Structures are given as C-alpha cells and as structure tokens.
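Structure record follows, encoded as structure tokens.
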Amino acid sequence: MTRVLSVASECFPLIKTGGLADVVGALPTAVAAHDVDMHTLVPGYPAVMHAIGDAAPTLATLPNVFGGTARVRSGQVDGRPLYVVDAPHLYDRPGNPYLNANGADWGDNAGRFAALSWVAAHIATHGLDGWAPQVLHLHDWQTGLAPIYLRQMGGASRVGTLFTIHNIAFQGVVGAHELHWLRLRSEDFTMDGFEYYGHISALKAGLVFSDRISTVSPTYAQELMRPEFGRGMQGILNERRNVLSGILNGIDTQAWEPPYADPRKKASHKAALQREVGLPEADGPLCVVISRLTEQKGMDLLLEALPTLLHHGGQLAVLGNGERQLEEAFSRAAHDQNVSIHIGYDEARARRYLAGADVILVPSRFEPCGLTQLYGLRFGTLPLVALTGGLADTVVHANAAGLRAGVSTGFQFHPIDPSALSGMLSHMCEQFYRPAIWRRMQLNAMGQSLDWEASSAEYAAIYTQLAARS
Ligand code: ADP
C-alpha cells in the first residue's frame, strides 16, 4: 500500500467551485484500486465543518498557525479518510472559498493557503494518529508552499511530492513584504526559487520545489511549455520537462449516468428542456453551455458567432455565472426567442441541460482538461470545442476522415476565434441534419471510456516511484 496525502482547497461534494473539486473528490476511490491509501486534507470552511459535524475528533492541535490555533479534525468523504484544518481565524467565513461578498479575493488568501500547506507539511513530517504519508499530492497554487515547508521541517528526504497544475492562470502571487509572515527564507527568494518579478509566487514554489509535476491533459502539458499558454512559467516547465506528466481527468461515470441508454430517447428530454427554458419546440440543434462565464471559457467568442447558429435554425441555452458584462451580454442575446440564459450554479439543472441538448459548446481559449465535454460525451450530447488542452485530447473531430471511419465524437475548431467558431457551428448544423451520421457519433461518444481507470494507474505509478525513497 502506498500512503498518499492529497491536499487541496476544494473537494467534491464538500466544497466546489470548479473541476478541481471533482478531481480531488474522485481520486481516493480511483487510486484505491491500485493499492493506494489516500487521505485528503482540506480547509475547514463552514460547509466542510458542517459536513464533518461537531463531534469530529481532533487529531492534532497546532498553536500559532498564521495568526491562531489550527486543529486537525478527522472525518470522511464518500467513505474515505478526510482531514480538515479547523482554523476559524482563516476559514470561518461565508460564501466562496476564495472571494468575499464583493467578489474580490480575501486580502489574506496567501496566509490562508500557506496555513493549509504548512499543516500538510507537518502531517507529512510528523505523521498523524499513527498514519504517515509517503507522498504529498499537492493541487494548484494553494498548496505550492508545502514542498518548501516540508524541506524546512526536515521531511523532504522521506516524503515525495507531486504537484498538479489544474489551471496555471491562478498563481497565488503576493508582495515580497509577506516573506517572513509566510515563514519563507530569503535565500529561496531568487529567480531559481519562488521569486517572480520581485514577488512571491506560490505556484512557482510548487513547480520548482516538488519532485514531480503533472497537469490534467497531455496537450496542456505541451502547451504549458510555450509562452502563449505558460503564463510566465514556460521556462521552468521546459527545464523540468523530464518530471512533467499530462494525465487526463476521468469522470465518475456512475454519478453521470444519462437517463437513457439509447440517444433516440433524447427527444422527450429535449422537449422538456425547451419548455423549461422557454424556447420554441423547434427541430434544429439545441446547444447548451454549462460554464463559468469568463473570457477563459471563450464566452465572448460565442456571443460573436451566435448569429451563425441561429441562422441555421439552432438554439442556445446557457447555464452559468461569472463576469458581469458577459452575464449582461447573454441576457441581451436572450431577447432572441431561440436563446435562453439562466444565471446561477445548479447541478441538477446542469444534468437536465445535458440530457435535453444535442450539443454542448466549450469554446475555451485554454482548457487544462475540461469536464463538461466529458459529461457531454457520456450523455450523447456532442461536444463542439476549441482545439486546445484537454479538449484536444478527449474529442474526435468530425472531419471527412473521422466521419468516413465512423469514429468521430464531436467538433473541434481552430484557430480559437469567432470566425473559426462560426465555421464549425455551420459544419455541425450540416451534420445534425444527417441523422445516420449524427446517431453514429452519439453512439461513439457514449461508448468512449471516460472513467478513471487509465489515469488512476498513471497516478499510482508516480506515487510508487516517489514512495520508493521512503
Ligand atoms: P473549470 O474547473 O475551469 O470551471 P471544468 O469543465 O473543468 O471547468 O469543470 C467545471 C465543473 O463545474 C463541471 O463539473 C461543470 O459541470 C460544473 N459547472 C460549471 N458551471 C456550472 C453551472 N452554472 N451549474 C452547474 N454546474 C456547473
């Protein structure tokens, strides 16, 4: 058995703002099949504290953790061991894990997540309740300082570290004046360390000081070594390419089971969705978006290309929230009778959109892996995606060769701009009106293996290599 502590700022179903939570929630069960004993460590936000309950045992009490006492409480998530950093001075706040009620970052986020990293390093070094990990699996910038703390505490020679990039756009950068508050040493504040243009970068710390690095698709791993995608980290990732892996996310195929085995049964779900969102019960391709409404997700491109879809008799139903100007722009677009927008985050609704739609649109400018296109495949709701990151790795494009070989599962456009998106919307509409081809594609999509089987073996192999040193 390899013992791994997975450390993250989100974990489904306890707390979720995006795909990171799904992955962290799914990993323990996925890797258990490969003889990995994974425990998960998360911050004690109110939702998490509520889930473990008042009676959750305290396994350790650490005084003086970034401005107060932190207790490590034990609980369970989906029957797997969970550790929670109970530190009210850092985490007992309403709402989103990262943002205050005005949508701005909490001013002390650096310390809040340094504390998570500190506690992770403490557990790795000293063990907890008779259990000590051989490997720390760290996720995103919130855990980037853990390898440094581990080294400072003397645990780095025994415990290996894997740092996974779920999204390189978020970097946890703060001013150099926080150096001592964050318990960092000035000798590491260099270009070869975690210094980034005169600031401290928690993400860079994770990339520099971890033994292994992974990201959530092979194509994103390649893209990250290029300036257009690397967000300043392309140099360090190029240097460390020998320890960089791209491992695709899987999905929980049981939790995402479509309410039909035969995609022809979609018809009644489509009609129900059209009624629910107030679209006419027309026969053209009904496209959905289930997404954060941000520039990353290419929502502005979609607004520009939308007339093409409508021109071909298509419809659009958007479920999402995010940047105010995009929410407003979609609300204006919804004056057209064939466009609907529902602003909010609603998992049950997301499933009804997937079941009822013909197509799911994911026109992201970059996409580390992307989960919604995987849910689309599972539901026979064909993904139309930008050719980037995990979207490139999970969809088989309906070009002439793919269609002739009968292997296509969706549509990919490139370059990532409104005119290429428009062109692909036209191509998709043409195929939609050829029912035999469309049905073949739906069956291909629904038959694709999307679970964790292959990827969990890849993670387990890395854990085994890292554990060999302990
Ligand atoms: P990201 O993590 O960049 O937001 P992913 O595609 O990896 O993108 O994961 C997004 C996750 O959040 C998926 O599980 C998706 O179904 C879900 N999601 C996004 N927006 C909504 C929404 N408005 N309502 C319900 N689920 C949503």
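The values are calculated or read from the model by the stated rules, or taken from the named source; none is laboratory data. Being a predicted model, the structure only gives us computed values, none of them experimental. FYI the Cβ positions are ideal-geometry reconstructions off the backbone, even for glycines, and counts take in every protein chain you see. Protein only, heavy atoms only, side chains kept; ligands, DNA and RNA dropped before computing areas. Shrake-Rupley method; radii C 1.70, N 1.55, O 1.52, S 1.80 Å.
Here, the stretch 145-187 has an Rg and a Dmax of 12.5, 32 Å when only alpha carbons are counted.
Translational diffusion of the stretch 104-245 was estimated from the Stokes-Einstein equation, with Rh taken as the Kirkwood radius over Cα pairs; at 4 °C and 1.567 mPa s the coefficient is 86 µm²/s. Relative to the globular-protein estimate of 2.2 N^0.38 Å, the Cα radius of gyration of the stretch 321-458 stands at 1.08. All other residues whose Cβ lies under 15 angstrom from that of residue 400 are scored, Lys and Arg at +1 and Asp and Glu at -1, for a net of +2. Can you tell me the dipole magnitude for the chain around its Cα centre, using point charges on the Cβ only (Lys, Arg +1; Asp, Glu -1), in Debye to the nearest 20? I would put it at about 540 debye.
Simple spin-label estimate for residue 448 and residue 93 gives 3.8 nm between the two label positions (7 Å along the Cα-to-Cβ direction from each Cα).
Taking only the Cα atoms of the stretch 226-344, the ratio Rg/Rh comes out at 1.10, with Rh defined as the Kirkwood radius. From helices alone, the chain scores -11000 deg cm²/dmol at 222 nm; the rule is -39500 (n - 2.57) for each run of n ≥ 4 DSSP H residues, then divide by the residue total.
Evaluating kT/(6 pi eta Rh) at 20 °C and 1.002 mPa s, with the Kirkwood radius of the chain over Cα pairs in the Stokes-Einstein relation, gives 93 µm² s⁻¹. Computed from Cα positions, the angle between helix 418-432 and the longest principal axis of the chain comes to roughly 60 degrees. Using the alpha-carbon centroid of each, what span in Å lies between the stretch 397-470 and the stretch 46-115? Taking the Cα centre of each part, the stretch 397-470 and the stretch 46-115 sit 38 Å apart.
Backbone N atoms of the stretch 250-292 closer than 19 Å to the 7 Å Cα→Cβ label point of residue 433 belong to residues 281-287.
Summarising the amide proton neighbourhood of residue 367: residues at separation of 5 or more, or on other chains, whose placed amide H is nearer than 5 Å comprise 389, 390. Relative to the longest principal axis of the Cα atoms of the chain, the long axis of helix 299-311 lies at roughly 10 degrees.
Here the accessible area of the stretch 207-269 is 47 percent carbon and sulfur, with a 1.4 angstrom probe and all protein chains present.
In a DSSP loop and with at most 13 other Cβ atoms within 10 Å, the trypsin sites (Lys or Arg not before Pro) in the stretch 362-470 are 469.
The share of C-alpha pairs in the stretch 85-131 whose separation exceeds 12 Å stands at 66 percent. Along the chain, the longest continuous region that contains none of the GluC sites (Glu not before Pro) in a DSSP loop with at most 15 other C-beta atoms within 10 Å is 1-280. Computed over the stretch 1-80, the quotient of the alpha carbon radius of gyration and 2.2 N^0.38 Å is 1.14. Most simply put, the chain has about 30% antiparallel DSSP beta bridges, counting only bridges with both residues inside it. What are the residues whose amide H is under 5 Å from the amide H of residue 341, where those residues sit 5 or more places off or on another chain and H is modelled from the backbone? For residue 341, whose amide H was placed from the backbone, the distant partners under 5 Å are 318. The Cα atoms of the stretch 279-359 define a convex hull whose projected area, averaged across directions, is 4.8 nm². A dipole drawn for the chain from +1 and -1 charges on Cβ atoms has a positive end, and of 372, 110, 2 the residue lying farthest that way is 2. When the alpha carbon gyration tensor of the stretch 73-166 is reduced to an equivalent ellipsoid, its three semi-axes come out at 24, 16, 12 angstrom, largest first.
Using a simple spin-label model with pseudo-atoms 7 Å out from Cα toward Cβ, residue 191 and residue 303 lie 4.1 nm apart.
Scattering from the stretch 323-372 was approximated by placing one identical point on each alpha carbon and applying the Debye formula without solvent; log10 I(q)/I(0) at 0.15, 0.33 1/Å stands at -0.54, -1.15. Spin-label model, residue 276 to residue 78: label points 7 Å out along the Cα-to-beta-carbon direction sit 2.3 nm apart. Total lysine pairs in the chain at Cα distances under 26 Å, for residues eight or more apart or on different chains: 4. Neighbours of residue 469, meaning other residues whose beta-carbon lies under 15 angstrom from its beta-carbon, give a summed charge of +3 when Lys and Arg score +1 and Asp and Glu score -1.
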